[in-house]
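Engineer: One structure coming up, written as structure tokens, with questions to follow.
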């Protein structure tokens with residue numbers, strides 16, 4: 001049996017790599033820059049070179065490696081074909097086949113980065129003990145990864161779990177990054193929280209949020225300090241996210257939602273605002289879901305990528 005596995009998480013600015021034992025212990029982890037120029041043509045050759053260097057450094061032969069798992073910021077189908085990754089400059093091509101060719105035929109499995117991170121949280125993070133869960137990433141956008149019976153639910157072209165683009169508001173005038181209006185991402189992401197706060201601050205209410213830089217962290221720090229404007233923003237955030245997650249639960253009936261991303265650093269105070277709205281909208285059979293904080297942070301992707309190969 002192969003003793004080792006590599007996990008790769010390709011982001012828009014950096015590629016995170018992890019070298020794992022087959023039981024999930026991380027032996028080493030490191031980063032390289034993501035070179036997106038010229039349609040991202042250097043990205044996979046850079047990844048292959050970095051993996052080969054690590055194998056030489058550790059004295060590991062190809063036979064000792066089960067394979068390489070890769071998370072990509074875009075839809076990826078079951079064959080490893082990415083269907084456009086805008087942040088990388090990639091169009092449609094087979095990532096698994098291409099990287100395998102650069103690695104002398106090593107097995108490569110590829111998935112959407114949010115789905116892969118969800119698998120990581122189930123395996124070694126906040127979702128341990130659950131086989132049916134939804135990982136929710138509240139960062140610049142809102143990402144989602146759905147795990148059913150221990151496996152990623154990726155959909156036809158890998159676009160399953162795009163919960164950030166569930167429609168939650170009919171009266172929105174601003175356009176989302178996806179070109180629709182009223183998406184969950186416009187209210188529950190870090191940028192969405194700031195947007196809600198800016199709207200509220202157009203009034204004349206007193207608030208500590210008028211001092212210093214406005215961020216999601218500043219909003220939830222102010223919530224903890226009892227600031228009325230910040231509490232209003234948190235309630236709006238909770239309303240939209242609770243409503244969105246209730247819709248998700250109606251489809252996949254999870255045991256748990258595992259919340260990660262920058263906004264999750266506010267901690268369990270988030271759940272005080274999400275849960276009441278979730279419980280008021282959700283179908284009764286999914287009401288007793290657990291809410292957990294993600295624990296792997298930026299490493300969730302490399303863990304999940306490694307786990308894909310081991311499954």
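Laboratory data are not the source of any read-out in this text; all were calculated from the coordinates shown. On a predicted model such as this, the values are computed, not experimentally measured, just so you know.
Engineer: Angle between the Cα long axis of helix 269-281 and the longest principal axis of the chain, 0 to 90 degrees, nearest 10?
Structural biologist: For helix 269-281, the angle is close to 80 degrees.
Engineer: Please give the per residue volume of the convex hull enclosing the alpha carbon atoms of region 63-207, rounded to a whole number of Å³. Mind showing how you got there, number by number?
Structural biologist: Values: hull volume 22.0 nm³, N = 145.
Taking the convex hull of the Cα positions in region 63-207, it is 151 Å³ per residue.
Engineer: Another one. If you take every DSSP beta bridge fully contained in the chain, what fraction is antiparallel? Give it as a percent rounded to 5.
Structural biologist: Details: 29 of 48 bridges.
Here the share of antiparallel DSSP bridges comes out near 60 percent.
Engineer: Can you tell me, using C-alpha contacts under 8 Å and at least 6 residues apart, the relative contact order of the chain as a whole percent?
Structural biologist: Working: 701 pairs, mean separation 65.3, N = 311.
Averaging sequence separation for qualifying contacts and normalising by length gives 21 percent for the chain.
Engineer: May I pose another question? As I understand it, the value is the acute angle between the Cα axis of helix 190-200 and the longest principal axis of the Cα atoms of the chain; what does it come to in degrees, rounded to 10?
Structural biologist: Tilt relative to the chain: about 20 degrees.
Engineer: Express the C-alpha Rg of region 194-311 as a ratio against the empirical globular expectation 2.2 N^0.38 Å, rounded to two decimals.
Structural biologist: Details: Rg = 16.5 Å, N = 118, 2.2 N^0.38 = 13.5 Å.
Against the empirical 2.2 N^0.38 Å value, I get 1.23 for region 194-311.
Engineer: Take the alpha carbon atoms of region 208-253, find their radius of gyration, then divide it by 2.2 N^0.38 Å using N residues; give the quotient.
Structural biologist: 1.45
Engineer: On to the next question. Which value results for Rg/Rh of region 145-264 when Rg is the Cα radius of gyration and Rh the Kirkwood radius based on the inverse mean 1/r?
Structural biologist: Details: Rg = 15.9 Å, Rh = 15.6 Å.
That ratio is 1.02, to two decimals.
Engineer: Let me ask another. So what's region 56-109 giving for Rg/Rh, alpha carbon basis, Kirkwood Rh from the mean inverse pair distance?
Structural biologist: Details: Rg = 12.8 Å, Rh = 12.1 Å.
Reported Rg/Rh, Kirkwood definition of Rh: 1.05.
Engineer: For region 83-130 and region 262-298, compute the distance between their C-alpha centroids and round to whole Å.
Structural biologist: Each part reduced to its Cα centre gives a spacing of 26 Å.
Engineer: Based on Cα positions only, what radius of gyration and what Dmax would you give for region 225-281, in angstroms?
Structural biologist: In order Rg, Dmax, the Cα atoms of region 225-281 give 11.8, 37 Å.
Engineer: Then there's this: Helix 228-252 versus the longest principal axis of the chain: what angle, 0 to 90°, nearest 10, using Cα atoms?
Structural biologist: 50
Engineer: Percent antiparallel among DSSP beta bridges with both residues in region 129-295, to the nearest 5? Could you put the intermediate results ahead of the total?
Structural biologist: Working: 10 of 19 bridges.
Roughly 55 percent of the beta bridges in region 129-295 run antiparallel, per DSSP.
Engineer: With no solvent and one equal point scatterer placed on each C-alpha of region 12-78, evaluate the Debye formula and give log10 I(q)/I(0) for q = 0.11, 0.21, 0.22 Å⁻¹, two decimals.
Structural biologist: The computed values of log10 I(q)/I(0) come out as -0.30, -1.01, -1.08.
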